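Structure first, then comments.
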């Protein structure tokens, strides 16, 4: 398999028998974009398989060990965009743990991955999108550069983005079970938050109170607020007093009571020009 030295992008989606070691074939080339699908990656050697110019790496339906994935990122010192979809993570110990770091990573998308523990160290990360994942513990270690956080249909017991919430501008959470007090505390330092969307979420605590006025005052730049949630015997406070910059508020809720009385569905919508 021959590759030109001038090759900048490679999209490889081929099953071969025996498996072709693409990393060995294109290492040390001037690749800037590498997309691998339905492939197996083993024995990564950062000292030999280097990708000094790579800025975008996508792995879909790839079999790779957690240690090899960490080594692969080490071999890509300039990678900014990382996409991981339906990886077959090969583990060397009973606990499925993935721990890797990157100083250059700005955007990560993770879909359909199941792990016990996922630790990501990325000081420059600006965008984090988790979709259809099952993770007991997810921890992000960064320096507060995160601006976009999206969580879609994710099962997680412990979610921690640490000091990375200070510059958040967009938080989009859907199909997710939330302990509101913990979640609010996690994003409460996001003074630059402009859009908050909690859609199809379930509040785990029956005593949770969702106070839109508190949300508005906590995030002074918030202009778009969308809520769709399921509560059990819970209270919702809609009152808005004072001056806020909210331009669009959409709220749908379902309150399930022990006797299922009254009208369980409520809708609140407010748009200011």
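Annotation note: Cβ proximity below 6 Å between a residue of the range 130-144 that is on the phi > 0 side of the Ramachandran plot and a residue that is modelled with pLDDT of 95 or more and in a strand (DSSP E or B) (sequence gap 6+ or interchain) occurs for 132/111. Note on the range 181-192: among residues that are touching a helix residue (DSSP H, G or I) at 6+ places or on another chain (Cβ under 7 Å) and within 11 Å of residue 218 (Cβ to Cβ), the one that is surrounded by the most Cβ atoms within 10 Å (Cβ to Cβ) is 190. The residue pairs whose first member lies in the range 217-228 and is on the phi > 0 side of the Ramachandran plot and surrounded by fewer than 19 Cβ atoms within 10 Å (Cβ to Cβ), whose second member is at pLDDT below 85 and assigned to a helix (DSSP H, G or I), and whose beta carbons are closer than 8 Å, counting only pairs six or more residues apart or on different chains, do not exist in this structure. A search for C-beta distances below 8 Å between a residue of the range 35-50 that is at positive phi and assigned to a loop (DSSP other than H, G, I, E, B) and any residue that is surrounded by fewer than 21 Cβ atoms within 10 Å (Cβ to Cβ) and modelled with pLDDT under 90, counting only pairs 6+ apart in sequence or on different chains, returns 38/14; 38/15.
Yes/no matrix, rows are residues, columns are (1) modelled with pLDDT of 95 or more; (2) more than 24 Å from residue 52 (Cα to Cα); (3) buried (at least 19 other Cβ atoms within 10 Å of the Cβ):
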residue	(1), (2), (3)
91	no, yes, no
108	yes, no, yes
121	yes, no, no
146	yes, yes, yes
156	no, yes, no
165	no, yes, yes
171	yes, yes, yes
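Of the residues screened, residue 146 is one that is outside any strand (DSSP E or B), farther than 16 Å from residue 69 by Cβ and in contact with a helix residue (DSSP H, G or I) (Cβ under 7 Å, 6 or more places away or on another chain).
For the range 198-216, the set of residues classified as surrounded by 17 or more Cβ atoms within 10 Å (Cβ to Cβ) and either at pLDDT 90 or above or closer than 24 Å to residue 154 by Cβ (or both) consists of 198, 201, 203, 208, 210, 215, listed by residue number.
The values are calculated or read from the model by the stated rules, or taken from the named source; none is laboratory data. Just so you know, these numbers come straight off a predicted model, no measurement behind them. When we count neighbours, we look across all protein chains shown, and the Cβ atoms used for this are built from the backbone with ideal geometry, even at glycine.
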